[in-house]
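Quick note: the coordinates plus some simple rules give every number you see, no bench work behind them. Model, not experiment: these values are computed from the prediction. Virtual Cβ from ideal backbone geometry, glycine too; neighbours counted across all protein chains shown.
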């Protein structure tokens, strides 16, 4: 099953049931596709699922730092992405 199909079938309850190893593997797989030109995969699946994974509390500091590093590297950095990331992070820390 490809990543897009996997993410389309994934919900918050599935994420809660995943082991830390599974969450980490999925996170790195999604990071590899973060720059995808497939808007549905990137904007409709990867970004919201990253939020669900972060909110689940199953990532350690290393994984969270890796997400931030990839989002802010030269390959992925864009003004709109930074604005979205800042808004998401602000919302998470205000909750």
Using a simple spin-label model with points 7 Å from Cα along the Cα→Cβ vector, what separation in nm is obtained for residue 16 and residue 51?
1.8
So for the pair residue 74, residue 36, with labels modelled 7 Å out along Cα→Cβ, what separation do we get in nm?
2.6
